[in-house]
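Working notes, structure below.
The values are calculated or read from the model by the stated rules, or taken from the named source; none is laboratory data. All of these numbers come straight from a predicted model, not from anything done at the bench. Here the Cβ is made from the backbone with ideal geometry for all residues, glycine too, and neighbour counts use every protein chain on show. Accessible surface areas use protein heavy atoms only, side chains included; no ligands, DNA or RNA. Shrake-Rupley method; radii C 1.70, N 1.55, O 1.52, S 1.80 Å.
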Amino acid sequence: MNEQTRSSARTGGRAARRAARAAALPDHLRPVRPGMEGGTYKPLTQAQMERIHEAALQALETIGLADAPQSGIDYLVGAGCTLGDDGRIRFPRALVEDTIAKANRSVTLYSRNGKTDLELSGTKVHYGTAGAAVSMVDVDGRNYRDSTVQDLHDASRICEQLDNIHFVQRPMVCRDIADNLEMDLNTIYAACAGTFKHIGTSFTEPSHVAPAMEMIHMIAGGEDKWRERPFISNSNCFVVPPMKFATESCEVMEAVIKAGMPVLLLSAGMAGATAPSTIAGAITQATAECLAGLVYVNAVVPGAPAIFGTWPFGLDLRTGAMSVGSGEQALLSAGCAQMHNFYNLPGGTAAGASDSKLPDMQAGWEQMCSNVMTGLSGANMIYEAAGMHASLLGFCLESLILGDDLIGQAQRCVRGIEVSDETLALDQIAEVCLGGPGHYLGTDATLSRMQADYVYPTFGDRTSPKEWAELDKPDLIEKAIARKNEILSSPSAANFDPLLDAEIRAKFNIHLPL
(Lines give C-alpha, C1' and ligand atoms only; values in the text may rest on other atoms or scores of the structure.)
Protein backbone atom coordinates (compact mmCIF):
# COMPACT_ATOMS: atom_id res chain seq x y z
CA MET A 1 0.00 0.00 0.00
CA ASN A 2 1.54 3.36 -1.02
CA GLU A 3 1.51 6.50 1.19
CA GLN A 4 -1.38 8.08 -0.69
CA THR A 5 -3.51 4.97 -0.22
CA ARG A 6 -2.62 4.77 3.48
CA SER A 7 -3.45 8.48 3.95
CA SER A 8 -6.78 8.00 2.18
CA ALA A 9 -7.58 4.99 4.36
CA ARG A 10 -6.76 6.95 7.53
CA THR A 11 -8.93 9.86 6.38
CA GLY A 12 -11.78 7.52 5.53
CA GLY A 13 -11.46 5.76 8.89
CA ARG A 14 -11.57 9.07 10.75
CA ALA A 15 -14.62 10.17 8.77
CA ALA A 16 -16.39 6.90 9.53
CA ARG A 17 -15.60 7.24 13.24
CA ARG A 18 -16.85 10.84 13.27
CA ALA A 19 -20.06 9.79 11.55
CA ALA A 20 -20.57 6.97 14.05
CA ARG A 21 -20.01 9.35 16.96
CA ALA A 22 -22.42 11.90 15.48
CA ALA A 23 -25.22 9.34 15.13
CA ALA A 24 -27.84 9.32 17.87
CA LEU A 25 -27.16 6.74 20.54
CA PRO A 26 -29.82 4.26 21.67
CA ASP A 27 -31.52 5.51 24.81
CA HIS A 28 -29.85 2.92 27.05
CA LEU A 29 -26.38 4.06 25.91
CA ARG A 30 -26.92 7.82 26.21
CA PRO A 31 -24.75 9.46 28.88
CA VAL A 32 -27.82 11.16 30.39
CA ARG A 33 -31.51 10.37 30.14
CA PRO A 34 -34.77 10.88 32.04
CA GLY A 35 -35.15 9.07 35.33
CA MET A 36 -31.54 8.64 36.37
CA GLU A 37 -31.10 7.96 40.08
CA GLY A 38 -30.12 10.89 42.28
CA GLY A 39 -30.02 10.99 46.05
CA THR A 40 -26.26 11.12 46.64
CA TYR A 41 -26.31 14.68 48.02
CA LYS A 42 -27.89 14.80 51.47
CA PRO A 43 -27.83 18.19 53.18
CA LEU A 44 -30.08 16.77 55.92
CA THR A 45 -29.05 13.90 58.18
CA GLN A 46 -31.46 11.10 59.02
CA ALA A 47 -31.93 12.57 62.49
CA GLN A 48 -32.70 16.00 61.05
CA MET A 49 -35.30 14.58 58.66
CA GLU A 50 -36.94 12.77 61.54
CA ARG A 51 -37.10 16.03 63.49
CA ILE A 52 -38.74 17.78 60.52
CA HIS A 53 -41.21 14.92 60.23
CA GLU A 54 -42.08 15.11 63.94
CA ALA A 55 -42.48 18.89 63.77
CA ALA A 56 -44.77 18.58 60.74
CA LEU A 57 -46.94 16.01 62.51
CA GLN A 58 -47.16 18.23 65.57
CA ALA A 59 -48.11 21.24 63.44
CA LEU A 60 -50.90 19.25 61.76
CA GLU A 61 -52.20 17.89 65.07
CA THR A 62 -52.09 21.11 67.10
CA ILE A 63 -52.32 23.97 64.58
CA GLY A 64 -54.10 22.40 61.61
CA LEU A 65 -55.26 24.18 58.47
CA ALA A 66 -58.01 26.77 58.01
CA ASP A 67 -60.41 27.65 55.17
CA ALA A 68 -61.27 24.21 53.77
CA PRO A 69 -64.36 24.22 51.55
CA GLN A 70 -67.39 22.45 52.98
CA SER A 71 -66.77 19.50 50.66
CA GLY A 72 -63.20 19.30 51.95
CA ILE A 73 -64.38 19.43 55.55
CA ASP A 74 -66.72 16.54 54.82
CA TYR A 75 -63.98 14.46 53.20
CA LEU A 76 -61.40 15.17 55.89
CA VAL A 77 -63.67 14.73 58.90
CA GLY A 78 -64.94 11.55 57.30
CA ALA A 79 -61.34 10.34 57.06
CA GLY A 80 -60.69 11.00 60.76
CA CYS A 81 -59.72 14.68 61.05
CA THR A 82 -61.34 16.99 63.59
CA LEU A 83 -62.97 20.36 62.95
CA GLY A 84 -62.27 22.80 65.77
CA ASP A 85 -64.47 25.64 67.00
CA ASP A 86 -61.94 27.95 65.36
CA GLY A 87 -62.75 26.44 61.96
CA ARG A 88 -59.38 24.75 61.61
CA ILE A 89 -59.04 21.14 60.47
CA ARG A 90 -56.60 19.15 62.64
CA PHE A 91 -54.97 15.92 61.57
CA PRO A 92 -54.36 13.11 64.09
CA ARG A 93 -50.86 11.69 63.89
CA ALA A 94 -52.10 8.16 63.30
CA LEU A 95 -54.23 9.28 60.33
CA VAL A 96 -51.29 11.03 58.68
CA GLU A 97 -48.96 8.09 59.22
CA ASP A 98 -51.56 5.62 57.91
CA THR A 99 -52.03 7.79 54.80
CA ILE A 100 -48.29 7.90 54.17
CA ALA A 101 -48.15 4.11 54.47
CA LYS A 102 -51.03 3.58 52.02
CA ALA A 103 -50.19 6.31 49.48
CA ASN A 104 -48.87 5.56 46.00
CA ARG A 105 -45.15 4.89 45.92
CA SER A 106 -45.00 5.30 42.15
CA VAL A 107 -46.82 7.57 39.73
CA THR A 108 -46.50 7.41 35.95
CA LEU A 109 -46.90 10.68 34.08
CA TYR A 110 -47.86 9.63 30.58
CA SER A 111 -46.95 11.29 27.32
CA ARG A 112 -49.47 11.62 24.52
CA ASN A 113 -47.60 9.33 22.12
CA GLY A 114 -46.15 6.88 24.66
CA LYS A 115 -42.51 7.72 23.88
CA THR A 116 -41.61 9.92 26.85
CA ASP A 117 -43.57 8.51 29.82
CA LEU A 118 -42.07 9.40 33.20
CA GLU A 119 -41.99 7.02 36.17
CA LEU A 120 -41.87 8.92 39.44
CA SER A 121 -40.50 6.66 42.16
CA GLY A 122 -37.50 6.40 44.43
CA THR A 123 -34.90 8.99 43.48
CA LYS A 124 -35.51 9.03 39.71
CA VAL A 125 -34.87 12.57 38.48
CA HIS A 126 -36.69 14.50 35.75
CA TYR A 127 -36.35 18.14 34.66
CA GLY A 128 -38.96 20.37 33.03
CA THR A 129 -40.67 23.73 32.83
CA ALA A 130 -43.30 25.31 35.07
CA GLY A 131 -44.48 28.62 36.45
CA ALA A 132 -46.89 31.43 35.71
CA ALA A 133 -44.67 34.07 34.16
CA VAL A 134 -46.60 37.13 33.02
CA SER A 135 -43.93 38.39 30.64
CA MET A 136 -41.65 37.22 27.86
CA VAL A 137 -38.00 38.20 27.70
CA ASP A 138 -37.04 39.89 24.43
CA VAL A 139 -33.30 39.26 24.25
CA ASP A 140 -32.87 41.40 21.12
CA GLY A 141 -34.29 44.55 22.65
CA ARG A 142 -33.50 43.65 26.27
CA ASN A 143 -37.17 44.27 27.06
CA TYR A 144 -40.13 42.52 28.65
CA ARG A 145 -43.58 42.18 27.08
CA ASP A 146 -46.85 40.42 27.97
CA SER A 147 -46.87 36.66 27.36
CA THR A 148 -49.42 35.25 24.90
CA VAL A 149 -50.98 31.97 23.85
CA GLN A 150 -48.62 31.94 20.85
CA ASP A 151 -45.67 32.15 23.23
CA LEU A 152 -46.98 29.15 25.18
CA HIS A 153 -47.39 27.17 21.96
CA ASP A 154 -43.91 28.16 20.80
CA ALA A 155 -42.38 27.16 24.14
CA SER A 156 -44.10 23.79 23.94
CA ARG A 157 -42.85 23.25 20.39
CA ILE A 158 -39.30 24.06 21.46
CA CYS A 159 -39.55 21.72 24.47
CA GLU A 160 -40.59 18.91 22.16
CA GLN A 161 -37.17 19.19 20.48
CA LEU A 162 -35.08 19.36 23.67
CA ASP A 163 -33.90 16.00 25.02
CA ASN A 164 -33.20 17.26 28.53
CA ILE A 165 -36.62 18.87 29.04
CA HIS A 166 -38.66 15.88 30.11
CA PHE A 167 -42.08 17.45 30.74
CA VAL A 168 -43.86 20.70 29.91
CA GLN A 169 -45.77 22.28 32.75
CA ARG A 170 -47.24 25.58 31.60
CA PRO A 171 -44.46 28.17 32.12
CA MET A 172 -46.40 31.36 31.37
CA VAL A 173 -49.89 32.86 31.42
CA CYS A 174 -51.76 33.67 28.21
CA ARG A 175 -52.32 37.34 28.98
CA ASP A 176 -53.88 38.05 25.60
CA ILE A 177 -56.97 36.02 26.61
CA ALA A 178 -59.10 38.01 29.06
CA ASP A 179 -61.74 35.36 29.79
CA ASN A 180 -60.40 32.91 32.40
CA LEU A 181 -62.30 29.90 31.02
CA GLU A 182 -61.01 30.52 27.52
CA MET A 183 -57.51 31.02 28.92
CA ASP A 184 -57.62 27.65 30.70
CA LEU A 185 -58.92 25.87 27.61
CA ASN A 186 -56.46 27.54 25.27
CA THR A 187 -53.59 26.72 27.61
CA ILE A 188 -54.37 23.03 27.21
CA TYR A 189 -54.82 23.35 23.46
CA ALA A 190 -51.63 25.36 22.87
CA ALA A 191 -49.46 23.08 24.99
CA CYS A 192 -50.82 19.80 23.62
CA ALA A 193 -50.57 21.01 20.02
CA GLY A 194 -46.93 21.85 20.67
CA THR A 195 -45.59 18.73 22.36
CA PHE A 196 -46.29 15.05 22.98
CA LYS A 197 -44.52 15.25 26.34
CA HIS A 198 -46.47 15.22 29.60
CA ILE A 199 -48.29 18.50 30.19
CA GLY A 200 -49.01 20.28 33.46
CA THR A 201 -51.73 22.90 33.73
CA SER A 202 -53.89 24.82 36.21
CA PHE A 203 -57.53 25.85 36.42
CA THR A 204 -58.65 29.22 37.68
CA GLU A 205 -62.11 28.03 38.80
CA PRO A 206 -63.70 24.64 39.64
CA SER A 207 -66.36 25.09 36.93
CA HIS A 208 -63.64 25.09 34.27
CA VAL A 209 -62.68 21.47 34.88
CA ALA A 210 -65.70 19.92 33.13
CA PRO A 211 -65.29 21.72 29.76
CA ALA A 212 -61.54 21.17 29.94
CA MET A 213 -62.08 17.45 30.42
CA GLU A 214 -64.40 17.46 27.42
CA MET A 215 -61.58 18.89 25.30
CA ILE A 216 -59.06 16.49 26.80
CA HIS A 217 -61.29 13.49 26.07
CA MET A 218 -61.51 14.66 22.44
CA ILE A 219 -57.71 14.87 22.22
CA ALA A 220 -57.30 11.46 23.87
CA GLY A 221 -59.88 9.74 21.68
CA GLY A 222 -62.43 9.17 24.44
CA GLU A 223 -62.71 9.19 28.22
CA ASP A 224 -61.63 5.55 28.45
CA LYS A 225 -58.45 6.28 26.52
CA TRP A 226 -57.79 9.27 28.74
CA ARG A 227 -58.20 7.30 31.96
CA GLU A 228 -55.85 4.62 30.64
CA ARG A 229 -53.08 7.15 29.96
CA PRO A 230 -53.69 10.59 31.51
CA PHE A 231 -51.17 12.82 29.71
CA ILE A 232 -51.99 16.01 31.64
CA SER A 233 -51.58 16.68 35.35
CA ASN A 234 -53.02 19.47 37.48
CA SER A 235 -50.63 21.86 39.18
CA ASN A 236 -52.71 22.77 42.21
CA CYS A 237 -51.88 25.47 44.75
CA PHE A 238 -54.24 23.87 47.26
CA VAL A 239 -52.84 25.87 50.17
CA VAL A 240 -52.30 29.55 50.85
CA PRO A 241 -49.37 29.50 53.27
CA PRO A 242 -49.16 29.65 56.16
CA MET A 243 -51.38 26.64 56.92
CA LYS A 244 -54.58 27.61 55.11
CA PHE A 245 -56.42 25.78 52.37
CA ALA A 246 -57.09 27.66 49.11
CA THR A 247 -60.84 27.10 48.94
CA GLU A 248 -61.42 27.22 45.17
CA SER A 249 -58.22 25.34 44.38
CA CYS A 250 -59.35 22.55 46.71
CA GLU A 251 -62.61 22.31 44.80
CA VAL A 252 -60.61 22.13 41.55
CA MET A 253 -58.50 19.39 43.12
CA GLU A 254 -61.55 17.33 44.05
CA ALA A 255 -62.89 17.63 40.48
CA VAL A 256 -59.67 16.65 38.70
CA ILE A 257 -59.06 13.71 41.05
CA LYS A 258 -62.48 12.32 40.15
CA ALA A 259 -61.68 12.93 36.47
CA GLY A 260 -58.57 10.73 36.70
CA MET A 261 -56.00 13.53 36.49
CA PRO A 262 -52.79 13.30 38.57
CA VAL A 263 -52.37 16.18 41.03
CA LEU A 264 -49.28 18.15 41.97
CA LEU A 265 -49.90 19.19 45.59
CA LEU A 266 -48.15 22.54 45.47
CA SER A 267 -47.16 24.41 48.63
CA ALA A 268 -45.22 27.57 47.72
CA GLY A 269 -44.51 29.52 50.88
CA MET A 270 -42.06 32.43 50.90
CA ALA A 271 -39.38 31.99 53.56
CA GLY A 272 -39.55 35.07 55.79
CA ALA A 273 -43.01 36.12 54.56
CA THR A 274 -45.52 33.27 54.34
CA ALA A 275 -43.19 30.62 55.77
CA PRO A 276 -40.56 30.73 58.53
CA SER A 277 -37.35 32.49 57.51
CA THR A 278 -35.19 29.51 58.49
CA ILE A 279 -34.55 26.85 55.88
CA ALA A 280 -35.57 24.05 58.27
CA GLY A 281 -38.74 25.92 59.27
CA ALA A 282 -39.78 26.58 55.67
CA ILE A 283 -39.26 22.91 54.80
CA THR A 284 -41.23 21.85 57.88
CA GLN A 285 -44.23 24.03 57.03
CA ALA A 286 -44.24 22.92 53.38
CA THR A 287 -43.99 19.28 54.50
CA ALA A 288 -46.92 19.70 56.91
CA GLU A 289 -49.05 21.38 54.25
CA CYS A 290 -48.32 18.69 51.66
CA LEU A 291 -49.01 15.91 54.18
CA ALA A 292 -52.41 17.56 54.74
CA GLY A 293 -52.91 17.55 50.97
CA LEU A 294 -51.97 13.88 50.80
CA VAL A 295 -54.64 13.04 53.38
CA TYR A 296 -57.14 15.16 51.42
CA VAL A 297 -56.39 13.44 48.07
CA ASN A 298 -56.69 9.97 49.55
CA ALA A 299 -59.93 10.92 51.31
CA VAL A 300 -61.42 11.85 47.91
CA VAL A 301 -60.13 8.78 46.04
CA PRO A 302 -57.87 6.35 47.90
CA GLY A 303 -54.63 5.79 46.00
CA ALA A 304 -55.18 8.66 43.58
CA PRO A 305 -51.93 9.73 41.88
CA ALA A 306 -50.43 12.70 43.72
CA ILE A 307 -47.05 14.43 43.66
CA PHE A 308 -45.69 15.77 46.96
CA GLY A 309 -44.98 19.31 45.81
CA THR A 310 -43.01 21.15 48.47
CA TRP A 311 -41.98 24.39 46.73
CA PRO A 312 -40.80 26.86 49.39
CA PHE A 313 -39.10 29.90 47.88
CA GLY A 314 -36.36 32.14 49.19
CA LEU A 315 -36.67 35.83 50.00
CA ASP A 316 -34.10 38.60 50.06
CA LEU A 317 -34.82 39.85 53.56
CA ARG A 318 -33.18 43.21 52.79
CA THR A 319 -35.78 44.13 50.19
CA GLY A 320 -38.59 41.57 50.36
CA ALA A 321 -37.83 40.47 46.78
CA MET A 322 -37.88 36.81 45.80
CA SER A 323 -34.47 35.18 45.55
CA VAL A 324 -35.07 32.03 43.53
CA GLY A 325 -31.48 32.02 42.30
CA SER A 326 -29.87 32.00 45.74
CA GLY A 327 -27.85 29.35 47.53
CA GLU A 328 -30.60 29.29 50.15
CA GLN A 329 -33.11 28.38 47.43
CA ALA A 330 -30.88 25.52 46.31
CA LEU A 331 -30.77 24.23 49.90
CA LEU A 332 -34.54 24.61 50.31
CA SER A 333 -35.20 22.56 47.18
CA ALA A 334 -32.55 19.94 47.97
CA GLY A 335 -33.89 19.52 51.51
CA CYS A 336 -37.43 19.15 50.18
CA ALA A 337 -36.23 16.45 47.79
CA GLN A 338 -34.77 14.60 50.75
CA MET A 339 -38.10 14.73 52.57
CA HIS A 340 -39.83 13.21 49.53
CA ASN A 341 -37.32 10.38 49.71
CA PHE A 342 -37.75 10.12 53.49
CA TYR A 343 -41.42 9.30 52.91
CA ASN A 344 -40.70 7.32 49.72
CA LEU A 345 -43.36 9.37 47.95
CA PRO A 346 -43.30 10.75 44.38
CA GLY A 347 -42.26 14.38 44.81
CA GLY A 348 -41.36 17.55 43.04
CA THR A 349 -39.85 20.91 43.84
CA ALA A 350 -38.68 24.05 42.06
CA ALA A 351 -35.11 24.66 40.90
CA GLY A 352 -33.28 26.21 37.98
CA ALA A 353 -34.99 29.61 37.96
CA SER A 354 -33.05 32.86 38.01
CA ASP A 355 -33.46 36.33 39.46
CA SER A 356 -31.54 37.76 36.49
CA LYS A 357 -33.57 39.55 33.85
CA LEU A 358 -31.62 38.10 30.92
CA PRO A 359 -29.78 34.84 30.08
CA ASP A 360 -26.44 36.18 31.33
CA MET A 361 -23.68 35.02 33.67
CA GLN A 362 -25.85 35.61 36.76
CA ALA A 363 -28.55 33.42 35.24
CA GLY A 364 -26.00 30.71 34.50
CA TRP A 365 -24.64 30.38 38.01
CA GLU A 366 -28.10 30.60 39.59
CA GLN A 367 -29.69 28.04 37.27
CA MET A 368 -26.84 25.55 37.56
CA CYS A 369 -26.53 25.76 41.35
CA SER A 370 -30.09 24.75 42.20
CA ASN A 371 -30.53 22.36 39.25
CA VAL A 372 -27.45 20.37 40.26
CA MET A 373 -28.12 20.33 44.01
CA THR A 374 -31.78 19.39 43.64
CA GLY A 375 -31.01 16.69 41.07
CA LEU A 376 -28.26 15.22 43.25
CA SER A 377 -30.77 15.13 46.11
CA GLY A 378 -33.07 12.91 44.06
CA ALA A 379 -36.18 15.02 43.36
CA ASN A 380 -38.47 13.12 40.99
CA MET A 381 -39.72 16.31 39.32
CA ILE A 382 -37.62 19.46 39.09
CA TYR A 383 -39.93 22.25 37.97
CA GLU A 384 -39.00 25.65 36.49
CA ALA A 385 -35.66 24.13 35.50
CA ALA A 386 -35.18 26.16 32.29
CA GLY A 387 -36.20 29.50 30.81
CA MET A 388 -37.48 31.21 33.96
CA HIS A 389 -36.16 34.68 34.80
CA ALA A 390 -36.85 37.78 36.91
CA SER A 391 -37.80 35.77 40.00
CA LEU A 392 -40.49 33.88 38.02
CA LEU A 393 -41.98 36.97 36.33
CA GLY A 394 -40.39 36.39 32.91
CA PHE A 395 -39.88 33.46 30.54
CA CYS A 396 -37.24 33.39 27.80
CA LEU A 397 -37.31 31.03 24.81
CA GLU A 398 -33.59 31.46 24.15
CA SER A 399 -32.83 30.67 27.78
CA LEU A 400 -35.03 27.57 27.49
CA ILE A 401 -32.82 26.37 24.62
CA LEU A 402 -29.60 27.14 26.48
CA GLY A 403 -31.08 25.52 29.58
CA ASP A 404 -31.23 22.23 27.72
CA ASP A 405 -27.41 22.35 27.51
CA LEU A 406 -27.14 23.33 31.16
CA ILE A 407 -29.47 20.55 32.34
CA GLY A 408 -27.47 18.05 30.30
CA GLN A 409 -24.42 18.90 32.40
CA ALA A 410 -26.50 18.84 35.59
CA GLN A 411 -27.76 15.37 34.72
CA ARG A 412 -24.19 14.20 34.21
CA CYS A 413 -23.52 15.26 37.79
CA VAL A 414 -26.63 13.35 38.89
CA ARG A 415 -25.37 10.23 37.13
CA GLY A 416 -22.20 10.37 39.18
CA ILE A 417 -19.08 8.21 39.03
CA GLU A 418 -19.23 4.50 38.19
CA VAL A 419 -16.47 2.41 39.75
CA SER A 420 -15.88 -1.06 38.25
CA ASP A 421 -13.04 -3.17 36.91
CA GLU A 422 -13.65 -1.61 33.51
CA THR A 423 -13.76 2.02 34.69
CA LEU A 424 -10.76 1.64 37.03
CA ALA A 425 -8.92 0.97 33.76
CA LEU A 426 -5.83 -0.79 35.14
CA ASP A 427 -5.52 -2.78 31.91
CA GLN A 428 -5.52 0.49 29.92
CA ILE A 429 -2.89 2.04 32.17
CA ALA A 430 -0.67 -1.01 31.71
CA GLU A 431 -1.17 -1.12 27.95
CA VAL A 432 -0.43 2.59 27.49
CA CYS A 433 2.53 2.76 29.88
CA LEU A 434 4.28 -0.54 29.20
CA GLY A 435 5.36 -0.30 25.60
CA GLY A 436 2.33 1.67 24.44
CA PRO A 437 2.08 5.20 23.03
CA GLY A 438 2.22 6.88 26.46
CA HIS A 439 -1.20 8.52 26.07
CA TYR A 440 -4.87 7.52 25.82
CA LEU A 441 -5.85 9.65 22.84
CA GLY A 442 -7.52 7.58 20.17
CA THR A 443 -7.28 4.24 21.96
CA ASP A 444 -10.13 1.81 21.42
CA ALA A 445 -11.14 2.12 25.08
CA THR A 446 -11.27 5.92 24.92
CA LEU A 447 -13.20 5.98 21.67
CA SER A 448 -15.65 3.32 22.87
CA ARG A 449 -16.67 5.42 25.89
CA MET A 450 -16.49 8.95 24.55
CA GLN A 451 -20.21 9.08 23.81
CA ALA A 452 -21.55 6.94 26.62
CA ASP A 453 -19.58 8.71 29.38
CA TYR A 454 -19.38 12.32 28.24
CA VAL A 455 -22.03 14.99 27.67
CA TYR A 456 -21.13 17.47 24.94
CA PRO A 457 -22.75 20.91 24.81
CA THR A 458 -24.75 21.89 21.76
CA PHE A 459 -24.18 25.61 22.22
CA GLY A 460 -21.43 25.88 24.80
CA ASP A 461 -18.16 26.98 23.15
CA ARG A 462 -15.02 24.89 23.73
CA THR A 463 -12.94 26.24 20.84
CA SER A 464 -9.56 27.94 21.28
CA PRO A 465 -9.42 31.74 21.04
CA LYS A 466 -7.88 31.37 17.56
CA GLU A 467 -10.64 29.02 16.36
CA TRP A 468 -13.27 31.26 17.98
CA ALA A 469 -11.97 34.26 16.05
CA GLU A 470 -11.83 32.27 12.80
CA LEU A 471 -15.49 31.32 13.34
CA ASP A 472 -16.35 35.04 13.53
CA LYS A 473 -16.61 35.01 17.34
CA PRO A 474 -19.98 33.24 17.67
CA ASP A 475 -22.27 34.59 20.38
CA LEU A 476 -24.20 32.24 22.67
CA ILE A 477 -27.47 34.18 22.52
CA GLU A 478 -27.28 34.54 18.75
CA LYS A 479 -26.86 30.77 18.43
CA ALA A 480 -29.92 30.23 20.64
CA ILE A 481 -31.94 32.69 18.55
CA ALA A 482 -30.97 30.84 15.39
CA ARG A 483 -32.00 27.50 16.90
CA LYS A 484 -35.32 28.96 18.09
CA ASN A 485 -36.07 30.26 14.60
CA GLU A 486 -35.08 26.92 13.07
CA ILE A 487 -37.49 24.99 15.33
CA LEU A 488 -40.37 27.42 14.86
CA SER A 489 -39.97 27.54 11.07
CA SER A 490 -41.23 23.94 10.79
CA PRO A 491 -44.75 22.70 11.58
CA SER A 492 -45.32 21.30 15.05
CA ALA A 493 -44.83 17.55 15.19
CA ALA A 494 -47.59 17.36 17.79
CA ASN A 495 -50.26 19.13 15.73
CA PHE A 496 -53.69 17.54 15.92
CA ASP A 497 -55.22 15.66 13.02
CA PRO A 498 -57.05 18.26 10.86
CA LEU A 499 -60.45 16.64 11.46
CA LEU A 500 -59.92 16.58 15.23
CA ASP A 501 -58.64 20.13 15.17
CA ALA A 502 -61.73 21.26 13.29
CA GLU A 503 -63.96 19.53 15.85
CA ILE A 504 -62.14 21.19 18.74
CA ARG A 505 -62.34 24.61 17.10
CA ALA A 506 -66.05 24.14 16.40
CA LYS A 507 -66.65 23.34 20.07
CA PHE A 508 -64.29 25.82 21.76
CA ASN A 509 -63.07 29.32 21.00
CA ILE A 510 -59.45 28.59 20.11
CA HIS A 511 -57.31 31.73 19.93
CA LEU A 512 -54.24 30.14 18.38
CA PRO A 513 -54.36 30.75 14.59
CA LEU A 514 -54.44 27.82 12.20
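Helices in the chain, meaning DSSP H runs of at least 4 residues, each add -39500 (n - 2.57). Divided by all residues, the mean residue ellipticity at 222 nm is -14000 deg cm²/dmol.
Can you tell me what share of the DSSP beta bridges in region 207-309 is antiparallel? A percent to the nearest 5 is fine.
So the antiparallel bridges amount to about 10 percent of the total.
As an equivalent ellipsoid, the chain spans semi-axes of 42, 28, 22 angstrom, where each value is the square root of five times an eigenvalue of the C-alpha gyration tensor, largest first. When the P(r) of region 33-110 is calculated, the portion above 15 Å amounts to 68% of the C-alpha pairs. Excluding same-chain neighbours fewer than eight residues apart, the aspartates and glutamates reachable from K507 by a Cα-Cα span under 19 Å are D179, E182, D184, E214, E223, D497. Computed from Cα atoms, the angle from the helix 46-62 axis to the main principal axis of the chain rounds to 30 degrees.
Would you mind telling me the antiparallel percentage of the DSSP bridges in the chain, rounded to 5? If you can, show how the numbers build up before the last one.
On the way: 17 of 44 bridges.
So the antiparallel bridges amount to about 40 percent of the total.
Inverting the pair-averaged 1/r between distinct Cα atoms of region 197-356 gives 16.3 Å as its Kirkwood hydrodynamic radius. Taking only the alpha carbons of region 93-160, we obtain Rg and Dmax values of 18.8, 57 Å in that order. Extension gain, D27 to I417, is 138.5 nm, computed as 0.36 nm per intervening residue step minus the present C-alpha separation. With the whole protein complex present, R415 retains an accessible surface near 60 Å², based on a 1.4 Å probe.
Using the Cβ-Cβ distance between A452 and D86 with R0 = 56 Å, the FRET efficiency computed as 1/(1 + (r/R0)^6) comes to roughly 0.40.
The amide H of K357, built 1.01 Å from its N in the peptide plane, has A390 as neighbours under 5 Å, considering only residues 5 or more places off or on other chains.
Of all lysines in the structure, the ones whose alpha carbon falls short of 27 Å from that of K244, not counting any fewer than 8 places away in one chain, are K102, K258.
So what is the relative contact order of the chain, in percent, for Cα pairs below 8 Å that sit 6 or more residues apart? With pairs under 8 Å counted, the relative contact order is 19 percent. Rounded to whole Å, the principal axis extents of the Cα atoms in region 359-514 read 75, 39, 35, largest first.
If r is the Cβ-Cβ distance from K225 to T204 and R0 is 41 Å, what FRET efficiency results, to the nearest 0.05?
0.95
What FRET efficiency, computed as 1/(1 + (r/R0)^6) with R0 = 25 Å and r the Cβ-Cβ distance, is obtained for E478 and E119, rounded to the nearest 0.05? Approximately 0.10, to the nearest 0.05.
For the residues K484, K115, K466, a 1.4 Å probe over the protein chains yields an accessible-area ranking, largest first, of K115, K466, K484.
Placing pseudo-labels 7 Å out from each Cα toward the beta carbon at L317 and E214 gives an inter-label distance of 5.2 nm.
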